[in-house]
Amino acid sequence: MVQTGEKCVGVRGDRPAGGRDAGLSWSETVVARRPGLASCPFSLRWLSLQENLGRSPRTVQTYARALADYLEFCQQQGVDVAVAGRAEIAAYVRHLHERPSGRGPKVIAMDSGVGLANATLQLHVTVVRLFYDFLVEEGVRDRNPVARGSYRRAGRGERGLIARYRRLPWIPTDAQWRQVLAVAADEPLRNRLMLALAYDAGLRREELCLLATDDVDPAHRTLRVRAETTKTRRGRVVPYSVVAGGLLVGYLQHRRQLTEQRGALFVSQSFRNRGEPISPWTWSKVVRSIAMRAGVPAFSTHTLRHLCLTDLARSGWELHHIATFAGHQSTETTLQYIHLSGRDLARQLENGMAYIHERRIAQLGEVLS
């Protein structure tokens, strides 16, 4: 039965002036950042549950942002979240499709760079579905109004609540890669080493920034990627190149001038926080600056991982070996990362057909000669 003692409709609060530095509790900090969450008493309980279950801070923040967006929509429409039905969910989905993002006034095409990205639409719906799962478990609702899986459309097969598009990941051409490297050559030693290791080991942004001095084994030229720093919570050991090894030797000598403390491998060089671990956001800014100066704006921190895994596929690595190297739980995830161009596929087809043709000729010779 639906409980009516607590409604999820309220008045949006104002953000306290002090923010996180004003001695606020965790819940008060979340509400300060996302005032829309204050409209539903169950929202903070659900987010606290996610935090207690060990979700990463980034994940909880992402959930909070998406949930606040839904609650604010319900406020604008005068909808009580606790009793919303499929009609209200459908209205929210339409709102997501029609609402522009900061990148442009409306969606023109999938690759136009404007409107909400398909992954963002999927995220918003997933968070709302998980929130309603919680309300059902708590006895606030009888069922979840957000459709799960896929549903049939007359004469058009099946699809999810939000159509899912799987686009090939962007990777730079050889010319664009050289442009990026030419700009990176003038970067400080730390940034050059980070660029080299990110490509060599196919590291995610967080994995790279959270490397510790004890994770490096110069004798065998390997890195230990700790499970707690990975997205899939799977640790692995990966190699790095001779080039990165040379940069590492020079950087470790430079690092001793910044701090003699063991811990984070990559530390800040600024006077404000000298010797402190750098954040993933700092690394993103570094790569963004390089990309813009190189005239390759699509290049990002994750491009290095895409490029590494694609190059491994091009060089003939088995798919499950690439998945192990990348730390993927499934080879299906690996397939989404690997981008083989039409030229690569044509070359593989040509080589494969040549082998088949030679085998057929050999068989003819064995039987007919």
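The numbers here are math on the coordinates, done by the rules we state, and not lab data. The structure displayed is predicted, hence computed values, not measured ones. Virtual Cβ from ideal backbone geometry, glycine too; neighbours counted across all protein chains shown.
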Original post:
What spacing in nm lies between the two simple spin-label points modelled at Arg293 and Asp80, each 7 Å away from Cα in the Cβ direction?
Top reply: 5.9 nm
Original post:
So how much slack lies between His320 and Leu189, counting 0.36 nm per residue of separation and subtracting their Cα-Cα distance, in nm?
Top reply: 43.8 nm
Original post:
Could you give the nm distance between label points at Glu51 and Ala90, where each point is 7 Å from its Cα heading toward the beta carbon?
Top reply: 3.8 nm
**OP:** Mind checking the full-extension length gain between Gln336 and Leu130? Use 0.36 nm per residue of separation minus the Cα-Cα distance, one decimal, nm.
**Re:** 71.7 nm
**OP:** Report the FRET efficiency, 1/(1 + (r/R0)^6), for Arg99 and Ser300, where r is their Cβ-Cβ distance and R0 is 25 Å, rounded to 0.05.
**Re:** 0.55
Original post:
Between the range 264-303 and the range 38-107, how many Å separate their Cα centres?
Top reply: 31 Å
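Could you put Met194, Met292 in order, starting from the residue whose Cβ has the fewest other Cβ atoms within 10 Å?
Numbers: Met194 29, Met292 12.
Fewest-to-most ranking of Met194, Met292: Met292, Met194.
Suppose the chain between Gln257 and Asp214 were pulled fully straight at 0.36 nm per residue; how much longer would it get relative to their current alpha carbon spacing?
13.7 nm
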